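Below: one structure, written as structure tokens.
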Amino acid sequence: MSLLKQILDHLQKHPQPLKTPASSFQLARFAPAFLQSSDSHKDTQETWLVYEQLLLACLCVEDDVSASKLLHTLEQRFGSQRSRIQALKGLYDEAQATDDRELVEVLRWYEKLLQEDPTNLAIEKRRIALLTSLNRRTDAIAALVNLLSHSPTDAEAWAQLAELYRQQGLYQQSIYSLEEVILITPNAYNIFARLGETYYIASPNDPEQLADAVRHFCRAVELCEWYLRGWYGLRLVTGRILKEGQGMKGKEGLDRAKTERLYHVAGERLKTIVRRAKKGDKGWTGFDKGEVLAAEQLVKEGE
Amino acid sequence: MTEEASQMILRDPQLFYWILFPITIVMIVTGVLRHYATVLMQSDPQRQDLKAIREQRNLLRGVNVRSNHDQIPYQSFNARKTSLVAEFKRGAYLKDPDSVGKPAANPMTDPAGMDQMMNMMKGNMAMIIPQTLIMGWINAFFSGFVIMKLPFPLTIRFKSMLQSGVATRDLDVRWVSSLSWYFLNLFGLRSVFNFILGNDNSADQMAAQMQQMNPAGGAGMFGPGQDPNKMFLAEAENLEVVGGQHDWILHGVETRVLDLY
């Protein structure tokens, strides 16, 4: 099987290759061989996709030599004026920067590019990412709000804004942003779970809010049967309602009996997930190990 | 005498090599050429400036709020609805607030519209010219005889079309001339083109025809001749209509989950 096909196969099997350092390394080790092989000179859409993915993986594992070669070839093929190429070059420069001063230089470059072409979405997003990593959170939030004023249909941007607001402790705004994501993608069960989490973090003692949190978690597991974070959140919040006891009546429909049943159902589901994930059954290996351990811990506490 | 069932004409097998194959091969080759010519002739999609993007996407947001309004709690939806309706009515997102009362942009003068029309016309030309040329070629070189027998029966009316060069009264309609082989190929080569050129190729006549029949397709909401202000006002009205009913999907979700599991 040609190297290109091997890499494409790998990418198909691991749709989120950059999620952990280990998986990034798995992808990046293809890079030197790929650059040497003849496959890297083909001019098909798949080749360039592989180039981009390999570049991102190499930047993650600090393989700067391969990264610069990949970037150079991309620039030669598509020209350095393309917004996507500019974003990749910006990423590379950020990775090469050794201190904050150099990062600010890259930031200035982004701002210059944006002045020339205000519709350069890729660079706008890169600038926001750089502001976040420079810890200039309020600037990042302002820039995101600006982006969303002309592109309010960008779910990724709303999700990022929700995250930034949550980090600042502005929970109502975070909830607003998450709801915007739901309006764009109404079946995003992970966003419903996140909403539940945010309601819970925002006011862990208010019965109305806790009831809403439970409802959001229920929706998440309604949409996705084995969603670990959904069941975890459900168990956690129902556990808290039951523990705090009589003071919490909640909105209509969520009485004590239902809460107890939800608590037990969540417990059963989590136990099944933990058991099968630990055994490594076929079809159950996709769960994140840390999350499985946390679920095990939670269920043990409840026993 | 006229026996509908079994009129047989003995044909030289060389007819296959010299008529059927050449017509098919020529049609395949012109189809492939047409595909590449269309791909090369298409101009780049126009870069839209920020205000145009802002206008389009905020209208889309209004549509999203309207379609998915049941997914968020009533207060959130109401807040969004009130603010959106107010903004749409006063034209807060219009790219060109001065052109509110004026008639819609004429496609001849509006550069963005011009581009879309040119692309459509180029596509049409690329379809019509080869078809005309090949039909003329077939009529010139391959007329005056019947070449094959269709496996299915047809009515008498088709005689004039399919037996164009052969003026007989009694010949069964199933015997057809080479022009009908051209027509058969026109519709049948689609799968061959899909195989050679991949799925959405421009040699596919059917797809082009269907696109023309579907007016909501290519031009989209913001094609030439659409008045953005009217669309915003229409969307504002839709939002107000929808705002009367709200059934939060999370009502009773806990019961549904307990029933499921």
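The values are calculated or read from the model by the stated rules, or taken from the named source; none is laboratory data. As the structure is a prediction and not an experimental result, all values here were calculated from the model. No Cβ is skipped: glycine too gets one built from the backbone with ideal geometry, and neighbour counts run over all protein chains shown. These accessible areas exclude ligands, DNA and RNA; they are computed on the full protein's heavy atoms, side chains included. Shrake-Rupley method; radii C 1.70, N 1.55, O 1.52, S 1.80 Å.
A few points about this structure:
- Residue within the range B:127-140 that is over 19 Å from B:ARG34 (Cα atoms), modelled with pLDDT of 80 or more and surrounded by fewer than 12 Cβ atoms within 10 Å (Cβ to Cβ) present: yes
- The residue that is most open to solvent (accessible area, probe 1.4 Å), among those in the range A:159-176 that are within 11 Å of chain B (Cβ to nearest Cβ) and of a type outside the set (A, V, I, L, M, F, W, C), is A:GLN172.
- Here A:GLU111, A:GLU75, A:GLU105 are screened, and the one residue that is in a helix (DSSP H, G or I), at pLDDT 85 or above and open to solvent by less than 50 Å² (accessible area, probe 1.4 Å) is A:GLU75.
- Within the range B:228-247, the set of residues being assigned to a helix (DSSP H, G or I) and under 22 Å from B:GLN71 (Cβ atoms) comprises B:GLU235, B:ALA236, B:GLU237, B:ASN238, B:LEU239, B:GLU240, B:VAL241, B:VAL242.
Quick grid of which residues meet (1) of a type outside the set (Ser, Thr, Tyr); (2) touching a Phe, Trp or Tyr at 6+ places or on another chain (Cβ under 9 Å):
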residue	(1), (2)
A:SER68	no, yes
A:ARG77	yes, yes
A:ARG101	yes, no
A:LEU121	yes, no
A:ALA129	yes, no
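- Residue pairs meeting the criteria (Cβ under 7 Å; at least 6 apart or on separate chains; first farther than 13 Å from A:GLU222 by Cα and more than 8 Å from chain A (Cβ to nearest Cβ), in the range B:234-261; second open to solvent by 60 Å² or more (accessible area, probe 1.4 Å) and at pLDDT 85 or above): B:ALA236/B:LYS89; B:ASN238/B:ARG66; B:LEU239/B:ARG66; B:VAL242/B:ARG66; B:HIS246/B:TYR74; B:TRP248/B:TYR74
- The residues in the range B:145-188 that are under 23 Å from B:PRO13 (Cβ atoms), assigned to a loop (DSSP other than H, G, I, E, B) and open to solvent by less than 50 Å² (accessible area, probe 1.4 Å) can be counted, and the count is 9.
Per-residue answers, yes or no, for (1) of a type in the set (A, V, I, L, M, F, W, C); (2) on the phi < 0 side of the Ramachandran plot:
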residue: A:PRO152; (1), (2): no, yes
residue: A:TRP158; (1), (2): yes, yes
residue: A:LEU161; (1), (2): yes, yes
residue: A:TYR165; (1), (2): no, yes
residue: A:GLY169; (1), (2): no, no
residue: A:GLN172; (1), (2): no, yes
residue: A:GLU179; (1), (2): no, yes
residue: A:ILE182; (1), (2): yes, yes
residue: A:THR185; (1), (2): no, yes
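- Residues located in the range A:137-167, provided they are within 18 Å of A:PRO186 (Cα to Cα), of a type in the set (D, E, K, R) and in a helix (DSSP H, G or I): A:GLU156
- Residues within the range B:54-69 that are more than 7 Å from every other protein chain (Cβ to nearest Cβ) and open to solvent by less than 50 Å² (accessible area, probe 1.4 Å), tallied: 6
- When A:THR259 is tested against (1) touching a helix residue (DSSP H, G or I) at 6+ places or on another chain (Cβ under 9 Å); (2) touching a residue at least 40 places away in the same chain (Cβ under 8 Å); (3) open to solvent by 10 Å² or more (accessible area, probe 1.4 Å), only condition (3) is not met.
- Some residue of the range A:24-35 being modelled with pLDDT under 85 and small (Gly, Ala, Ser): no
- Test: A:PHE34 is over 24 Å from the mean Cα position of the chain (by Cα), open to solvent by less than 40 Å² (accessible area, probe 1.4 Å) and of a type in the set (Phe, Trp, Tyr): yes
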